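Just below is one structure, and these are the notes that go with it.
The values are calculated or read from the model by the stated rules, or taken from the named source; none is laboratory data. Predicted, not measured: the structure shown is a model, and the values here were computed from it. So basically every Cβ, Gly included, is an ideal-geometry build from the backbone, and we count neighbours across all protein chains shown. Surface accessibility is based on the protein's heavy atoms, side chains included, excluding ligands, DNA and RNA. Shrake-Rupley method; radii C 1.70, N 1.55, O 1.52, S 1.80 Å.
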Amino acid sequence: MPFSLRSAKTRQYLTFAFILAASLVLTPLAYMHFNPEEVFWRKGQQAFAAGDYEEAVRYYSRALQDGKVSYMLLDRLGDSYISTGSPEMGVVVFLKLRKKHPEDPYVTLKLALAYWAMNDSRKALETVEDALDLKAGWRNALFLKAGILTGLGEFEKAINIYGRILGEEL
Amino acid sequence: MKVFICTFFMIILWAAVPVWGQEERPGENLLQQERIPPDFTEDIQDWQARLELARLLSYVERYEQSITHYRKVLQEKPDLIEARLELARVYYWMDETDKAEELFASVPKDRLTGEARLELAEIYAMRQEYDRAVEVYEAYLQEYPGEARVRFRLARVLSWKGDYQSSISEYERVLESRPGDNQVRRHYAQVLMWAERYDEAIEELEKTLGD
């Protein structure tokens with residue numbers, strides 16, 4: 001049967017092809033239009049994984065503005081702020097996260113880290129103690145505490161904490 | 001008489017002027033170190049805690065204990081260059097230069113930090129291996145020509161090996177960038193004396209007296 005643009009079959013195939021092509025183009029556009037926060041979140045994740053924290057902050061912030069609120073998003077945003085030298089913004093983010101998860105020692109420790117990064121060692125120390133109240137003897141919290149004490153010049157206390165982490169008498 | 005005047009000046013000034021380029025203690029950077037957030041997604045490993053402990057112990061001058069912990073870190077992480085270099089520094093500070101050099105030598109040259117290279121040069125100088133020290137300093141200064149502190153050390157080593165003319169040239173370059181540094185000028189004057197250029201030495205020593 002000779003090929004003809006006018007034939008019913010050809011028109012049918014062309015219509016299908018057109019619908020398929022349109023779907024391929026429109027589906028992502030529709031997804032971006034209706035779920036921009038997810039798109040920004042994914043882009044933020046890509047930037048974070050590539051170590052581009054400035055870019056990550058931009059995308060995560062947009063995701064937050066567009067309504068995405070999740071544990072992971074706030075955690076990554078806080079980390080990105082600390083890594084880009086804006087620990088005070090990190091504090092704000094981790095405070096927000098702690099409000100949602102007051103019993104989570106990991107979040108409390110991140111908050112302590114943000115305080116430390118902004119040179120508020122006293123507040124950092126208090127917050128590490130909070131983390132240790134939530135998870136007694138947690139090595140990561142003890143490690144951060146020893147680092148803060150070292151910065152404060154309380155060397156013997158810091159040495160004893162390292163000894164405690166290692167289970168050795170010093 | 002000139003020798004007497006110069007010597008008199010030197011004694012007075014030596015006592016009066018504070019030492020420039022006082023060495024840092026190992027672990028000196030503990031208090032100023034950049035706060036890179038640790039990744040708390042995994043538990044801190046023993047070697048990480050031990051490395052921090054070793055650094056702190058070296059800072060508080062408990063060198064023997066510090067060495068023990070550095071050694072344990074290296075047993076677990078033999079490729080950890082930073083631990084190797086820091087341990088070498090502790091040995092260097094304990095004047096165990098053989099062990100320090102052995103450790104420095106165990107690190108690939110391209111992984112030696114600037115500070116480690118300078119310490120290695122100090123070890124060579126201490127052992128009176130002046131040519132090797134000069135070689136390290138000159139290589140360093142090719143990369144960082146503006147480092148007056150290192151040029152000063154080079155000038156000193158050159159004078160110790162008796163190459164007064166080169167030493168004087170290096171001192172002059174240091175003084176170009178630090179004209180008000182009396183300690184450098186005092187060393188410069190001393191080399192001028194050794195080179196028997198007494199009039200210039202007196203002139204330089206007079207400058208260090210100020211008003």
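Per residue, the convex hull spanned by the Cα atoms of the protein assembly as shown amounts to 272 cubic angstrom.
For the range B:113-211, the relative contact order is 17 percent, taking Cα pairs closer than 8 Å that sit 6 or more residues apart in sequence and dividing their mean separation by the residue count. Legend: residue pairs B:K77/B:K109; B:K77/B:K161; A:K110/B:K77; A:K68/A:K110, Cα-Cα distance threshold 30 Å; pairs beyond threshold, B:K77/B:K161.
At the residue level, B:W194 shows approximately 100 square angstrom of accessible surface with a 1.4 angstrom probe and all protein chains present.
Candidates A:G44, A:I82, A:A22 compared by Cα position along the dipole of the range A:22-84: farthest toward the positive end lies A:A22, with charges placed on Cβ.
Using the Cβ-Cβ distance between A:E88 and A:R122 with R0 set to 22 Å, the FRET efficiency works out to roughly 0.90. Over chain A, accessible surface divided per residue gives 57 Å², non-protein components excluded, 1.4 Å probe. In terms of accessible area, using a 1.4 Å probe and ignoring ligands and nucleic acids, A:L20, B:L56 rank largest first as A:L20, B:L56. State the answer as a single residue: which of A:A136, A:G153, B:G114 lies farthest towards the positive end of the charge dipole of the protein assembly as shown, with beta carbon charges of +1 for Lys and Arg and -1 for Asp and Glu, about the Cα centre. About the Cα centre, the residue reaching furthest to the positive side is A:A136. Applying both filters, DSSP loop and at most 11 other Cβ atoms within 10 Å, to the trypsin sites (Lys or Arg not before Pro) of the range A:1-50 gives A:R6. About its Cα centre, chain A has a charge dipole of approximately 1140 debye under the convention of +1 per Lys or Arg Cβ and -1 per Asp or Glu Cβ, with nothing else charged. Semi-axes of the equivalent ellipsoid of chain A are 54, 15, 13 Å, computed as sqrt(5λ) over the eigenvalues of the C-alpha gyration tensor in descending order. What separates the Cα centres of the range B:45-77 and the range A:67-130 is a distance of 29 Å.
When both the range A:133-158 and the range B:107-126 are represented by their alpha-carbon centers, they are found 33 Å apart.
Shown here are the Rg and Dmax of the Cα trace of the range B:45-108, at 10.7, 31 Å. Charged side chains reduced to their Cβ positions (Lys and Arg at +1, Asp and Glu at -1) give the range B:45-108 a dipole of some 200 debye around its Cα centre. Select from B:Y198, B:Y137, B:N182 the residue farthest towards the positive end of the dipole of the range B:113-211; place +1 on Cβ of Lys and Arg, -1 on Cβ of Asp and Glu, and compute about the Cα centre. Highest projection toward the positive end goes to B:Y137. Here, the range B:80-156 yields an orientationally averaged convex hull projection of 4.8 nm² when only Cα atoms define the hull. Scaled against 2.2 N^0.38 Å for its residue count N, the alpha carbon radius of gyration of the range B:113-211 is 1.07. The fraction of all Cα pairs in the range B:156-205 landing in successive 5 Å bins from 0 to the largest distance is 5, 25, 35, 24, 10, 0, given as whole percents. Residue by residue along B:46-57, Cβ atoms of other protein chains within 10 Å of the local Cβ number 5 on average. For A:R122, neighbours were defined as the other residues whose beta-carbon sits under 15 Å from its Cβ, and their charges (Lys and Arg +1, Asp and Glu -1) total -2.
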